[in-house]
Ligand SMILES: *[C@@H]1O[C@H](CO)[C@@H](O)[C@H](O)[C@H]1NC(C)=O
């Protein structure tokens with residue numbers, strides 16, 4: 001094969017396999033000032049606030065997983081950045097931020113089970129344990 005044939009074959013493959021220009025949206029498409037970068041940052045997470053979710057009794061993992069950090073990925077396929085709980089007197093809590101201020105004063109007790117598995121007795125929990133029986137609001141990034 002002549003070298004220009006190899007080269008054109010390579011070019012065809014690369015063009016065919018390249019992601020569409022729209023999928024790689026450069027900053028400079030919407031931002032035309034001189035300080036705007038010509039690079040693509042579109043793969044960053046999209047964050048949304050989900051307000052006033054009702055209790056989810058089927059999701060016992062929020063409490064049963066104890067201090068496991070990735071229950072949000074397991075159940076909601078995203079990372080919870082901050083959340084609030086609505087107490088039974090209707091009042092809303094202030095923001096809880098995972099790892100910063102969301103340790104629960106209550107612990108998991110001997111004899112609890114979740115999804116057919118025993119819960120570790122005396123395990124600590126995060127405040128999102130209350131998602132199963134309290135209204136709640138959260139900011140999630142996916
Ligand atoms: C939870 O939300 C529902 C629907 O908005 C509301 O009826 C209920 O009173 C709320 N629960 C509490 C404890 O405030």
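The values are calculated or read from the model by the stated rules, or taken from the named source; none is laboratory data. These figures come from a predicted structure and were not determined experimentally. Cβ: placed from backbone, ideal geometry, glycine included. Neighbour counts: every protein chain shown.
Structure above, values below:
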{"read-out": "Residue in the range 27-37 that is modelled with pLDDT under 90, in a loop (DSSP other than H, G, I, E, B) and touching a helix residue (DSSP H, G or I) at 6+ places or on another chain (Cβ under 6 Å) present", "value": "yes"}
{"read-out": "Residue in the range 95-104 that is out of contact with any strand residue (DSSP E or B) (no Cβ under 7 Å at 6 or more places or on another chain), away from the ligand (no atom under 16 Å from the Cβ) and closer than 24 Å to residue 44 by Cβ present", "value": "yes"}
{"read-out": "Filter result (touching a helix residue (DSSP H, G or I) at 6+ places or on another chain (Cβ under 7 Å) and either more than 14 Å from residue 92 (Cα to Cα) or surrounded by fewer than 18 Cβ atoms within 10 Å (Cβ to Cβ) (or both)) within the range 127-142", "value": "129, 132, 140"}
{"read-out": "Meets criteria (within 16 Å of the ligand (Cβ to nearest atom), assigned by TED's automatic domain parsing to the domain that holds residue 55 and at pLDDT 95 or above) for residue 132", "value": "yes"}
{"read-out": "Matching residues, the range 57-90, being over 17 Å from the mean Cα position of the chain (by Cα) and within 16 Å of the ligand (Cβ to nearest atom)", "value": "57, 85, 86, 87, 88, 89, 90"}
{"read-out": "Answer residue from the range 32-49, given it is under 28 Å from residue 72 (Cα atoms) and surrounded by 10 or more Cβ atoms within 10 Å (Cβ to Cβ) and is farthest from the chain's Cα centre (by Cα) among those", "value": "40"}
{"read-out": "Among (1) over 23 Å from residue 87 (Cα atoms); (2) free of Cβ contacts under 8 Å to residues at least 12 places away in the same chain, the one test that residue 122 misses", "value": "(2)"}
